[in-house]
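The values are calculated or read from the model by the stated rules, or taken from the named source; none is laboratory data. Since the structure is predicted, the reported quantities are computational estimates derived from the model, not experimental observations. When we count neighbours, we look across all protein chains shown, and the Cβ atoms used for this are built from the backbone with ideal geometry, even at glycine.
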Amino acid sequence: MAEVQVLSGVGDKGPACLRVTHPGGCWLLDCGHGPEESAPFRTEWLEGVDAVFISHDHVDHIGGAVHVIAAGLPIYTTAITARALPPGARVSEIPVQGRMRIGGVTLTTGRNGHALGGVWMHFDLGRGLFYSGDWSEESHWFAFDEPPAARTALIDASYHLDPVPQTRRKADLDALLAGLPGQVLLPVPPSGRAGELALHLMGQGSLGLDDTCRDVLAAALGAGPSAGISEAAHALAPLLEHPFDPEARFLLCDTPNAEAGAARALLERAQRAGRLGRDFHVVFTGHMTAHARALAAHPGVHFTRWNVHPPLGDQLALVDRLGVERFVPLFCPLPEDYLVEDRTPARLFFHERVSL
């Protein structure tokens, strides 16, 4: 008998961490921290675990890796995600697209459309167990591979019942930017929205990528298919040949909540000069931590969502395509709200344990 226990990730946007127990061992799927500082990885989640699988390198999926390394556990992840691990990791590389046998279980992976080197995972347990990690099918920067059928699906539902597609998000962003005079800082995760937004903003005004973003995107283009990017992504190559221009109209800078890095430095410089809200604006486009929400109280700081997770229609469509009998909506509040959605025959689970 195999079982999945959701240690963290049901009922909130908390750290991703799921335990899979099967006859061949006990595994963790992701070992996240945050995204809020008040939501740490718990070391007791490692008790009895034989190995850890990491879907991608965002902190709420990889942030507890230091504890995994301290415990001496092997980590299964892609080569690009492994670069974000702390020193001393025992890495067993898994493919971005492919299949391998681990502990008597076949693991199938595919590009998740969300992060550099990021993958979804499918295990041949209980007539198919699918774990999306974070995923998106709307990206022009990242590629998404169609997963195989599964009886049980644990899917990223970070946007809950929000149905708004990326086409509308892009239109809303463009309308906001058109009304903002001067420079606009867009804080981004280098391995996430940086490439997405750079592709979208090319041709709309001068564009500056800070050193961290430029280096990450250049490495992704150099890595080819193993980075999980699309063919369209290569349109960024000419932009990456230029150094960061801090006077550009649009500034794409690390970190995504402007709590550190070039984004924080540029924001603080604008505040000291009295420019914020006058000829310097900040636009957040992703999940906002308490730090970012506090900044949003100031004039000149704005929010408009850029989809990097699936809207409701994509969630339900994937559940149908997988042919699942039951699914767990992860990383969202009030998963019981999905009970009002009658467009899928799958049975909803929002309990911590699911028998496979």
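When Gln271, Gln204 are checked against the criterion of being surrounded by fewer than 22 Cβ atoms within 10 Å (Cβ to Cβ) and farther than 23 Å from Glu138 by Cα, a single residue qualifies: Gln271.
Is it the case, given these coordinates, that Val164 is out of contact with any Ser or Thr (no Cβ under 6 Å at 6 or more places or on another chain), under 30 Å from Val354 (Cβ atoms) and not in a helix (DSSP H, G or I)? When the stated conditions are applied, Val164 passes them.
Among what's in region 199-244 and is among the hydroxyl-bearing types (Ser, Thr, Tyr) and within 19 Å of the chain's Cα centre (by Cα), pick the residue that is nearest to Gly113 (Cα to Cα). Even if it seems obvious, please write down each step before you answer.
Residues of region 199-244 that are among the hydroxyl-bearing types (Ser, Thr, Tyr), as a first pass: 206, 212, 226, 230.
Right, trim to within 19 Å of the chain's Cα centre (by Cα) and you get 212, 226, 230.
On the way: Thr212: 21, Ser226: 13, Ser230: 9 Å.
Result: Ser230.
Which of the residues belonging to region 247-264 are surrounded by 14 or more Cβ atoms within 10 Å (Cβ to Cβ) and over 24 Å from the mean Cα position of the chain (by Cα)? I'd like the intermediate steps shown before the answer.
Our first condition is that a residue be surrounded by 14 or more Cβ atoms within 10 Å (Cβ to Cβ); within region 247-264, this holds for 248-259, 261-264.
Residues satisfying the conditions are Ala248, Arg249.
Any idea which residue in region 24-72 is nearest to Ser92 (Cα to Cα), counting only those that are modelled with pLDDT of 95 or more and among the polar types (S, T, N, Q)? Out of the qualifying residues, it is Ser55. Counting only residues that are out of contact with any Ser or Thr (no Cβ under 9 Å at 6 or more places or on another chain) and of a type outside the set (A, V, I, L, M, F, W, C), region 294-314 holds 6 of them. Can we say Ala143 is surrounded by fewer than 24 Cβ atoms within 10 Å (Cβ to Cβ) and outside the structural domain of Pro333 (by TED's automatic domain parsing)? Considered against the rule, which asks whether it is surrounded by fewer than 24 Cβ atoms within 10 Å (Cβ to Cβ) and outside the structural domain of Pro333 (by TED's automatic domain parsing), Ala143 comes out as no. Which residue is nearest to Thr78 (Cα to Cα), if the candidates are limited to region 207-231 and must be surrounded by fewer than 21 Cβ atoms within 10 Å (Cβ to Cβ) and out of contact with any helix residue (DSSP H, G or I) (no Cβ under 7 Å at 6 or more places or on another chain)? Applying the filter and picking the extreme gives Pro225.
Among the residues of region 154-175, just one is acidic (Asp, Glu) and without any contact (Cβ under 8 Å) to a residue 40 or more places away in the chain, namely Asp174.
Scanning region 258-290 for residues that are assigned to a loop (DSSP other than H, G, I, E, B), over 24 Å from Glu36 (Cβ atoms) and in contact (Cβ under 8 Å) with a residue 60 or more places away in the chain returns Arg275, Arg278, Asp279. Consider region 167-198 and keep the residues that are crowded, with 22+ Cβ neighbours inside 10 Å and part of a helix (DSSP H, G or I). The one that is nearest to the chain's Cα centre (by Cα) is Arg193. With the condition kept exactly as written, say whether any residue in region 332-353 is at pLDDT 90 or above and under 22 Å from the mean Cα position of the chain (by Cα). Yes. Residues in region 239-257 that are part of a helix (DSSP H, G or I) and closer than 12 Å to Cys213 by Cα: 2 in all.
Yes/no per residue for (1) over 18 Å from Asp30 (Cα atoms); (2) of a type outside the set (Val, Ile, Thr):
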{"site": "Ala115", "(1), (2)": "no, yes"}
{"site": "Val119", "(1), (2)": "no, no"}
{"site": "Ser139", "(1), (2)": "yes, yes"}
{"site": "Ala143", "(1), (2)": "yes, yes"}
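Being on the phi > 0 side of the Ramachandran plot and free of Cβ contacts under 8 Å to residues at least 24 places away in the same chain is true of Gly88.
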